[in-house]
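Undergrad: I'd like to ask some things about the structure below.
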Amino acid sequence: MKAFTALAAAELRLLSRDPASLFFMVAFPLMLLVLKRGDSGAVPGYLAMIAAIGGMGALPGLLASYRERKVLKRLATTPISPVLLLGAQLVAQVAAGLAGSVLLVVVTITVFGGQAPGDVLMLAAAFLLCSVMACALGFVIAAVVRNTRGASLIGMLVMFPMIFLSGAAVPRRALPGSLRQIGDFLPLTPAVEALGDAWSGTAAIFPLLILAGIIVAATAAGAALFRWE
Amino acid sequence: MEAIEVTDLRKSYEGTPAVDGVTFTVRTGETFGIIGHNGAGKTTTVECLIGLRRADAGTVRVLGEDPARRRRALAHRLGVQLQDGSLPDRIKVAEALRMFGSFYRDAADWRRVMERWSLRPLARKAFGDLSGGQRQRLMLALALVGDPEVVVLDELTTGLDPIARRETWRLVGDLRTAGTTVVLVSHYFDEIEALCDRVAVLARGRVEATGTPGELIARTGTASLEEAYLALEGVDR
């Protein structure tokens with residue numbers, strides 16, 4: 001436990017030193033909110049976007065670089081299991097996303113006088129599941145694509161269309177029909193739905209179950225395909 | 001008492017043998033050198049010793065344990081410096097030492113290790129900003145932060161300037177004085193000659209000869225360990 005806490009703290013510290021992560025997970029959603037003049041209806045989507053940026057935009061390249069630069073190999077010679085490092089990465093990504101999200105929600109309410117979330121507990125649960133799911137998908141990308149640049153690139157190529165087609169960046173009703181249909185099959189779509197429902201206070205369990213299912217499937221696939229070296 | 005016993009170790013990669021029947025023992029408290037040219041099987045042997053690879057055949061015992069089966073238990077008593085290991089660029093020297101210290105059951109005081117390896121002035125420097133020699137020094141300190149009984153050092157001083165090399169030699173000498181068992185993998189003969197009690201010469205995945213540097217020199221009728229190695233390898237001088 002001591003080792004895990006130290007690892008997770010170190011990973012979070014490293015993340016906070018990464019200007020790109022800080023910008024995209026904290027500053028960028030705030031900028032979008034300002035452009036939307038504090039429209040609280042857009043906020044649940046932005047929360048999903050924060051999670052997707054961390055888990056799919058940043059995590060695959062990070063994991064691949066740890067493998068490519070033999071950080072994982074070095075850790076494998078210590079008493080800790082390298083699996084612990086993956087867990088620490090997950091905790092750090094979720095914590096960073098949570099920090100960015102809390103800031104976004106607080107600014108929405110206090111600065112723009114937006115409506116407060118209807119069901120805070122369900123909103124938190126939806127965010128956690130959404131963030132863990134994004135990390136699990138990022139893990140699969142790092143398992144399939146071996147080198148660092150490739151993993152970063154594929155992460156971005158998966159993440160960007162997904163945040164536009166799932167309703168995270170723009171509402172899905174604003175999309176043409178065919179694009180909206182693609183969104184039906186994207187894992188981020190139920191996450192946006194779950195966050196939106198919790199925000200309006202009409203939270204349902206079903207989208208959360210879908211997210212949990214995707215987490216289990218993606219983690220199993222990632223674990224089967226991931227190579228430490 | 002033997003700290004390490006390797007008997008008829010074999011390991012192939014895709015049908016090509018990297019290690020083809022290696023046998024040697026390392027006594028407790030001794031500094032043992034493994035020399036050989038690139039591709040002789042040094043790193044594969046080391047990776048089997050520390051449990052990163054499972055041998056195809058033969059037995060490996062480190063402190064009486066099988067590293068392939070008991071890697072994590074053994075890791076508490078083992079310090080490793082890998083030839084190619086590294087750290088995230090943005091981690092700071094003091095953070096890395098403290099974090100690695102937290103992995104071990106009976107770790108040394110990481111501040112003292114930092115002091116001892118003259119890393120204090122670099123405590124707040126990021127790994128990515130360190131020079132090659134500074135990185136090497138940090139990786140060595142990380143190998144010792146768990147207060148190990150056996151230390152495995154692969155390519156100890158590669159990339160170090162002459163002053164840093166001598167300083168590293170002195171610190172490895174201190175380990176021997178303290179009774180720590182050291183396995184030193186290198187292709188620098190002066191280093192092996194200066195530091196090691198006994199040496200195994202590896203070639204084509206086998207142990208060509210074992211003995212003290214003095215014995216190897218006497219046996220080949222040469223003047224230095226390097227010449228003894230070349231004679232063992234059948235290279236004309």
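The values are calculated or read from the model by the stated rules, or taken from the named source; none is laboratory data. Nothing here was measured: the structure is a model prediction, and the numbers come from that model. Note that we place each Cβ from the backbone using ideal geometry, even for glycine, and neighbour counts take in every protein chain shown.
Undergrad: Working only within segment A:57-81, note down all residues that are crowded, with 22+ Cβ neighbours inside 10 Å, under 18 Å from A:VAL145 (Cβ atoms) and among the hydroxyl-bearing types (Ser, Thr, Tyr).
TA: A:TYR66
Undergrad: Going through B:LEU140, B:LEU156 one at a time, which residue ends up being part of a helix (DSSP H, G or I), under 21 Å from B:LEU87 (Cβ atoms) and under 18 Å from the mean Cα position of the chain (by Cα)? I'd like the intermediate steps shown before the answer.
TA: On the way: B:LEU156 fails: part of a helix (DSSP H, G or I).
Among B:LEU140, B:LEU156, only B:LEU140 is part of a helix (DSSP H, G or I), under 21 Å from B:LEU87 (Cβ atoms) and under 18 Å from the mean Cα position of the chain (by Cα).
Undergrad: Could you tell me how many of the residues in segment A:194-209 are out of contact with any Ser or Thr (no Cβ under 8 Å at 6 or more places or on another chain), closer than 18 Å to A:LEU104 by Cα and surrounded by 21 or more Cβ atoms within 10 Å (Cβ to Cβ)?
TA: So the count comes out to 5.
Undergrad: I need the full set of residues from segment B:14-28 which are part of a strand (DSSP E or B) and touching a residue at least 12 places away in the same chain (Cβ under 8 Å), in order please.
TA: B:PRO17, B:ALA18, B:VAL19, B:ASP20, B:GLY21, B:VAL22, B:THR23, B:PHE24, B:THR25, B:VAL26, B:ARG27
Undergrad: Filtering segment A:13-27 down to residues that are surrounded by fewer than 18 Cβ atoms within 10 Å (Cβ to Cβ) and either in a helix (DSSP H, G or I) or touching a residue at least 60 places away in the same chain (Cβ under 8 Å) (or both), which residue is nearest to the other protein chains (Cβ to nearest Cβ)?
TA: The qualifying residue nearest to the other protein chains (Cβ to nearest Cβ) is A:ARG13.
Undergrad: At pLDDT 90 or above, more than 20 Å from B:LEU63 (Cα to Cα) and among the polar types (S, T, N, Q): does that describe B:THR212?
TA: Against the criterion (at pLDDT 90 or above, more than 20 Å from B:LEU63 (Cα to Cα) and among the polar types (S, T, N, Q)), B:THR212 qualifies.
Undergrad: Additional query: Note down all Cβ pairs under 9 Å where the first residue falls in segment A:154-167 and is under 13 Å from A:ALA191 (Cβ atoms), the second is of a type in the set (S, T, N, Q), and they're at least six residues apart or on different chains.
TA: Within 9 Å, the pairs are A:MET162/A:THR189; A:LEU165/A:THR189; A:SER166/A:THR189; A:GLY167/A:THR189.
Undergrad: Can I ask one more? Checking the condition among the hydrophobic types (A, V, I, L, M, F, W, C), surrounded by fewer than 19 Cβ atoms within 10 Å (Cβ to Cβ) and touching a residue at least 40 places away in the same chain (Cβ under 8 Å), which residue from B:ALA203, B:ALA223, B:ALA231 passes?
TA: B:ALA203
Undergrad: Which of the residues that make up segment B:168-183 are in contact (Cβ under 8 Å) with a residue 24 or more places away in the chain and assigned to a helix (DSSP H, G or I)?
TA: Step one: list which residues in segment B:168-183 are in contact (Cβ under 8 Å) with a residue 24 or more places away in the chain, which gives B:168-169, B:171-172, B:175-176, B:179-183.
Passing the criteria: B:THR168, B:TRP169, B:LEU171, B:VAL172, B:LEU175, B:ARG176.
Undergrad: What are the residues in segment B:155-185 that are over 21 Å from B:ALA108 (Cβ atoms) and either β-branched (Val, Ile, Thr) or buried (at least 24 other Cβ atoms within 10 Å of the Cβ) (or both), if any?
TA: Of segment B:155-185, the ones over 21 Å from B:ALA108 (Cβ atoms) are B:155, B:157-166, B:185.
Across segment B:155-185, the qualifying residues are B:THR157, B:THR158, B:ILE163, B:VAL185.
Undergrad: Which members of segment B:61-76 meet the condition of being in contact (Cβ under 8 Å) with a residue 60 or more places away in the chain, farther than 20 Å from B:MET139 by Cα and assigned to a loop (DSSP other than H, G, I, E, B)?
TA: B:LEU63
Undergrad: Pick out the one residue from B:GLY101, B:GLY79, B:GLY33 that is assigned to a strand (DSSP E or B), over 30 Å from B:GLU233 (Cβ atoms), in contact (Cβ under 8 Å) with a residue 40 or more places away in the chain and in contact with a helix residue (DSSP H, G or I) (Cβ under 9 Å, 6 or more places away or on another chain).
TA: Result: B:GLY79 is the single residue among B:GLY101, B:GLY79, B:GLY33 that is assigned to a strand (DSSP E or B), over 30 Å from B:GLU233 (Cβ atoms), in contact (Cβ under 8 Å) with a residue 40 or more places away in the chain and in contact with a helix residue (DSSP H, G or I) (Cβ under 9 Å, 6 or more places away or on another chain).
Undergrad: Right, another one. As an exercise: evaluate A:GLY38 against (1) surrounded by fewer than 22 Cβ atoms within 10 Å (Cβ to Cβ); (2) under 25 Å from A:ARG149 (Cα atoms) and give the number of the one condition it does not meet.
TA: So the condition that A:GLY38 fails would be (2).
Undergrad: For segment A:176-211, how many residues meet the condition of being over 21 Å from A:ILE50 (Cα atoms), in contact with a helix residue (DSSP H, G or I) (Cβ under 8 Å, 6 or more places away or on another chain) and assigned to a loop (DSSP other than H, G, I, E, B)?
TA: 1
Undergrad: Moving to a separate point now. So which residues in segment B:76-99 are more than 7 Å from chain A (Cβ to nearest Cβ), surrounded by 20 or more Cβ atoms within 10 Å (Cβ to Cβ) and among the small types (Gly, Ala, Ser)?
TA: Within segment B:76-99, B:GLY79, B:ALA96 meet the criteria.
Undergrad: Quickly run through segment A:69-100 and pick out the residues that are touching a Lys or Arg at 6+ places or on another chain (Cβ under 8 Å) and either without any contact (Cβ under 8 Å) to a residue 24 or more places away in the chain or more than 7 Å from chain B (Cβ to nearest Cβ) (or both).
TA: The answer is A:SER81, and nothing else.
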